[in-house]
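This report refers to the structure that appears directly beneath it.
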Amino acid sequence: MNKGSLFIISGPSGSGKDTVLKEVFKLLPDVAFSVSTITRPMRVGEVEGEKYNFVSKEKFLSMLENDELLEFNEYIGNFYGTPRKPVDKALAEGRDMILEVDVNGAFKVKEKMKDAVSIFIMPPSFTELKRRLSSRGTDDEAVINKRMLEALREIENAVNYDYIVVNDNILAAAQDVEHIILSSRLKTARKKEIINEVLEKC
Ligand code: 5GP
């Protein structure tokens, strides 16, 4: 069986990547999503196990010690990590998987998995990013300012990604991500089976 591909999606807080991803999963329901393990407190509206598994710092550190994480990062005082097992399982089963991680996580995953495809979701402007972050109503002023600073640093790293998708229209951005995933399925590395099949029957 051909292995699945890994798609690393990053973008600053407020780039709208969650909303874009929701649309991507509607377009491509067969793609798996990596649920991160994090120590940040749950926000209103978040559901355990949907995007994140919420754990204590102690639990996170024991996962780290047991080498259960593919990568991890500290972001504004909290830990965020990608559990290794579900990634290995999805790819071995031939499923594509999306990892939503920050730029540090993206860099670490790319180092370990050279074939991973990285996509940066870009806000149309910094002014729009600021407007989105302020209008969310989920964070106080100090957190918003920290997120703005972090966003600047992330955007500076966008040049290191394979693809840039600008999110000024959610559906168009989701379709851009869909096209990247679909075209990567046509790569020769994913087509070894058909080559062998055709050759065997000639
Ligand atoms: P938020 O607190 O807004 O949900 O996420 C903060 C940042 O952490 C976002 O940039 C998000 O992409 C990133 N993030 C989420 N899960 C992971 C993860 O498993 N690993 C890393 N390195 N970053 C993550």
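Quick note: the coordinates plus some simple rules give every number you see, no bench work behind them. All of these numbers come straight from a predicted model, not from anything done at the bench. Positions of Cβ are generated from backbone atoms using ideal geometry, with glycine treated the same way; all protein chains shown enter the neighbour counts.
Give me the net charge of Lys59's neighbourhood, meaning all other residues with Cβ under 13 Å from the Cβ of Lys59; Lys, Arg count +1, Asp, Glu -1. Write down the numbers at each step before the final one.
Values: positive: Lys57; negative: Glu58, Glu65, Glu68.
With Lys, Arg at +1 and Asp, Glu at -1, the net is -2.
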Checklist outcome for this item: Gyration tensor on Cα atoms of segment 1-148, a ≥ b ≥ c root eigenvalues, a/c under 1.5 rounded, else prolate if a/b beats b/c, else oblate, says oblate
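Can you bin segment 24-88 into rounded, prolate or oblate? Criterion: square roots of the alpha carbon gyration tensor eigenvalues sorted a ≥ b ≥ c, rounded for a/c under 1.5, prolate for a/b above b/c, oblate for the rest. All intermediate terms of the calculation are to be shown ahead of the outcome.
Working: a/c = 2.38, a/b = 1.34, b/c = 1.77.
Oblate shape, in that a/c is at least 1.5 and b/c is the bigger or equal ratio.
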Item to check | Ranked packing of 2-13, 117-128, 171-182, 141-152, most packed first, by mean Cβ within 10 Å | outcome: 2-13, 117-128, 171-182, 141-152
Checklist entry - Restricting to the chain, what percent of DSSP beta bridges are antiparallel, rounded to 5? => result 30
Item to check | Within segment 102-116: backbone nitrogen closer than 14 Å to the Lys187 label point (7 Å, Cα to C-beta) | outcome: 110-116
Checklist outcome for this item: Listed by chain and number, the residues whose amide H is under 5 Å from that of Ile121, excluding neighbours fewer than 5 places away on the same chain and using placed H, are Ser10, Gly11, Val165
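Cα gyration tensor of segment 68-154, axes a ≥ b ≥ c as square roots of the eigenvalues: rounded (a/c below 1.5), prolate (a/b > b/c) or oblate? Mind dumping the intermediate values first?
On the way: a/c = 2.45, a/b = 1.96, b/c = 1.25.
Prolate, because a/c is 1.5 or more and a/b exceeds b/c.
Quickly estimate the mean residue ellipticity at 222 nm for the chain, helices only: each DSSP H run with n ≥ 4 gives -39500 (n - 2.57), and the total goes over all residues, rounded to 500. Display every interim value, and only then the final one.
Values: 8 runs with 89 residues, N = 202.
About -13500 deg cm²/dmol.
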